[in-house]
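Contents: one structure, followed by commentary.
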Ligand SMILES: Nc1ncnc2c1ncn2[C@@H]1O[C@H](COP(=O)(O)OP(=O)(O)O)[C@@H](O)[C@H]1O
Ligand SMILES: [Mg+2]
């Protein structure tokens with residue numbers, strides 16, 4: 001594998017069953033992301049951008065099915081066996097910033113505190129050291 005590729009999505013298909021009807025949401029999607037590269041996926045509302053991101057992180061709703069390969073740092077994220085296995089990667093090495101701030105963020109706490117929570121949990125740092133991650 002090319003060493004500079006950090007994320008490789010191959011032939012990703014996602015479908016959702018709703019009210020007895022199966023709809024294919026993501027059709028045979030493949031792309032690579034290199035270390036340090038920013039990749040933007042652009043498309044109209046409802047075209048499957050969020051479902052693609054959720055499929056990569058294994059966060060799809062129960063009524064969905066997925067096929068394809070999601071290689072991240074040499075590991076197929078679709079093979080993560082249990083919740084602990086998934087948590088070691090998700091939030092620690094790969095994360096998602098959800099679109100809707102009013103449902104994803106708690107307005108009582110600062111954004112910094114909420115970002116820090118993930119760092120404290122995953123990197124086993126205290127809050128002072130975690131803060132140094134973005135205020136070195
Ligand atoms: N939980 C769900 N159940 C059924 N259909 C869904 C669900 N979530 C998303 N969809 C459908 O999947 C399609 C893609 O949605 P989404 O990935 O959120 O689009 P985008 O992020 O590109 O706006 C849409 O047609 C949407 O209605
Ligand atoms: Mg979206």
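The values are calculated or read from the model by the stated rules, or taken from the named source; none is laboratory data. Predicted model only: the values in this text are computed from it and were never measured. FYI the Cβ positions are ideal-geometry reconstructions off the backbone, even for glycines, and counts take in every protein chain you see.
Would you check which residues across the stretch 86-109 are farther than 15 Å from residue 70 by Cα and either modelled with pLDDT under 80 or part of a helix (DSSP H, G or I) (or both) and list them?
Within the stretch 86-109, 87, 88, 91, 92, 101, 102, 103, 104 qualify.
Could you run through the stretch 29-80 and say how many residues are in contact with a strand residue (DSSP E or B) (Cβ under 6 Å, 6 or more places away or on another chain), over 20 Å from residue 92 (Cβ atoms) and within 15 Å of ligand 2 (Cβ to nearest atom)?
So the answer is 5.
Enumerate the pairs (first residue in the stretch 34-50 and within 18 Å of residue 71 (Cα to Cα); second residue anywhere and more than 9 Å from ligand 1 (Cβ to nearest atom)) with beta-carbon separation below 7 Å, excluding pairs fewer than 6 apart on the same chain, so at least 6 apart or on different chains.
Here the result reads 34/4; 34/5; 34/6; 35/4; 35/6; 39/31; 39/33, each pair linking the stretch 34-50 to a residue that is more than 9 Å from ligand 1 (Cβ to nearest atom).
Yes or no, residue by residue, for (1) in contact (Cβ under 8 Å) with a residue 24 or more places away in the chain; (2) crowded, with 16+ Cβ neighbours inside 10 Å; (3) under 16 Å from the mean Cα position of the chain (by Cα):
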{"position": "55", "(1), (2), (3)": "yes, yes, yes"}
{"position": "69", "(1), (2), (3)": "yes, no, yes"}
{"position": "99", "(1), (2), (3)": "yes, no, yes"}
{"position": "107", "(1), (2), (3)": "no, no, no"}
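So residue 48 fits all but one of (1) over 21 Å from residue 6 (Cα atoms); (2) more than 17 Å from the chain's Cα centre (by Cα); (3) modelled with pLDDT of 90 or more; what number is the exception?
Answer for residue 48: the failing condition is (2).
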